[in-house]
Amino acid sequence: MNGFQSKLVHGGEPEERVGGAIVPPIYQSATFEQVPGSGYHDGRYIRLSNTPSHDLLHDKLSLICGTEAALVASSGMAAITSTLLALLGSGDTVVAQDLLYGGTESFLASEVPRWGIEVQRIDACDVSSWGTPPPSARVLYCEAITNPTCRIGDLRALASWARDHGMISVIDATFATPALMRPVDLGFDLEVHSATKAMNGHGDIAAGVIAGRESLVHQVKHCLDHLGGHLDANACFLLHRGIRTLGLRVERQCQNAFAVASFLEGHPAVSVTHYPALESHPDHARCQEWFGGKGGGVLSFDVGAGVEEAERIATSMKLMATAPSLGGVETLIIRPASSSHAAVDPAVRLQMGVPDSLVRIACGVEDSDDLVADLARVMGNRG
Ligand SMILES: Cc1ncc(COP(=O)(O)O)c(C=O)c1O
């Protein structure tokens, strides 16, 4: 089984079907019989993420990510926070990209320093500005495609810079998904995902993923076990169902996002459109090289006419719902300043290129003509 789609559908599934069922069942059980003579850590218990539902997901995810191991968690933030807490300790430094999802940004700014961990920022897009990290640097943290300005850092260089300086490299690949890239091939030690987004893809659960080197995933699991951030049995079932169609959905979302971004780029009211598959985007070449020219399902734009007009656009669509999140089958529109980045200090938000007037669209799998028509109705045609 070599093909990506086949791995999504069949990967990790047990050879013997349970009761002949084509769809693996939900194991709605917190605890499992202990085999005589085995110890506590050999037993299956839901908080330890080792039920048959977890095993199935872990096997499938490591296959599709191309990693030694994988682990699911109760949300993207559970995956991110457990990873950072597992790898860092007092006196350490985490070197983080200066453009990050608002929740991660807020965690780094408000929680991490309380444990005596320093946070140092870098512009992941500009290798020449990195210099030498401090001797205390243990972890490099970045995003594959940043939320919401869709920047793509010099990812291969970041992974090797981290290796050269003894740092563990961690990438949040939520926006790219395993359908567009394999961080392990670029040299990353660990990848994390909000599987709440495209990985599950139906907007009905929260979930997270950690994948990468076995010893590191094991270290993160140890921390996750203590923090209690496991994925529940029903969410395991739904995540598995979603993953099976990841490739098809992401393909369609990329097509829709490209059509919508192209419409917006040519619109007289729009001052800037952020979408890496557009030739005008500063990281277009990296998108071509690493993501096969596909920019993912999310784009953002600024109408330049201020926050009131941005809010009017974001709340006047018929087909697109005004809501945070991304990666689902339905298209969502929102101002990041009022949602994903609301917890970030307004001055920092501006430095991150997220003015209050920025609007983000997370494309679903509808017809692109209908999405463009929705925008044209609210913003007028391109003229
Ligand atoms: C890039 C990215 N990483 C992580 C998260 C957090 O995921 P979750 O909401 O599943 O905790 C989000 C949420 O929007 C995100 O966009």
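Every read-out reported here was derived from the displayed coordinates using simple, explicitly stated rules and does not represent laboratory data. Only a predicted model underlies this, so the values are computations on that prediction, with no experimental measurement involved. Note: ideal-geometry Cβ built from the backbone for every residue, glycine included; neighbour counts use all protein chains shown.
Structure notes:
- Of interest is the spacing of the C-alpha centroids, which for region 1-66 and region 128-153 amounts to 34 Å.
- Compactness index (Cα Rg / 2.2 N^0.38 Å), the chain: 0.99
- Ellipsoid semi-axes in whole angstrom, largest first, where each is sqrt(5λ) of the Cα gyration tensor of region 247-379: 21, 18, 14
- Between ASP356, ASP225, ASP126, the GNM of the chain built on Cα springs shorter than 10 angstrom shows ASP126 fluctuating the most.
- Nearest-ten-degree value, helix 368-379 long axis tilted from longest Cα axis of the chain: 50 degrees
- Taking the C-alpha atoms only, the angle from helix 76-87 to the longest principal axis of the chain is near 60 degrees.
- Neighbourhood charge, 12 Å Cβ-Cβ cut-off, centred on CYS125 and excluding it, Lys, Arg +1 and Asp, Glu -1: -4
- Working note: Karplus 6.51/-1.76/1.60 with θ = phi - 60° gives region 144-151 the couplings 5, 10, 6, 9, x, 8, 6, 7 Hz, where Gly and Pro are set to x.
- Averaging the Cα positions of each part gives two centres, and for region 159-188 and region 305-321 these lie 35 Å apart.
- Taking amide H atoms as placed 1.01 Å from N in the peptide plane, the amide H of ILE122 lies under 5 Å from those of ALA96, GLN97, ASP98, each 5 or more residues away in sequence or on another chain.
- Summing charges over neighbours of ALA109, with a neighbour being any other residue whose Cβ is under 11 Å away from its Cβ, gives -1 when K and R count +1 and D and E count -1.
- Residues with amide H under 5 Å from that of VAL139, placed H, sequence gap 5 or more: THR93, VAL95, ILE168
- Local electrostatic count, ALA323, Cβ distance below 12 Å [Lys/Arg +1, Asp/Glu -1]: +1
- Taking a straight Cα-Cα cut-off under 12 Å and skipping sequence neighbours fewer than 8 places away in the same chain, the aspartates and glutamates within cross-link reach of LYS7 are ASP59.
- Estimated vicinal HN-Hα couplings, Hz - region 240-254 in sequence order (Karplus 6.51, -1.76, 1.60; Gly, Pro = x): 4, 4, x, 4, 4, 10, 3, x, 5, 5, 5, 4, 5, 4, 5
- For ALA69, the amide hydrogen comes within under 5 Å of the amide hydrogens of GLY212, GLU214, counting only partners 5 or more places away or on other chains and with H modelled in the peptide plane.
- The phi torsions of region 264-271, fed into the Karplus equation with coefficients 6.51, -1.76 and 1.60 and a -60° offset, translate into couplings of 5, 4, x, 8, x, 7, 9, 8 Hz, rounded to whole numbers, with Gly and Pro shown as x.
- Anchor LYS318: lysines whose Cα lies under 25 Å away (excluding residues fewer than 8 positions away in-chain): LYS197
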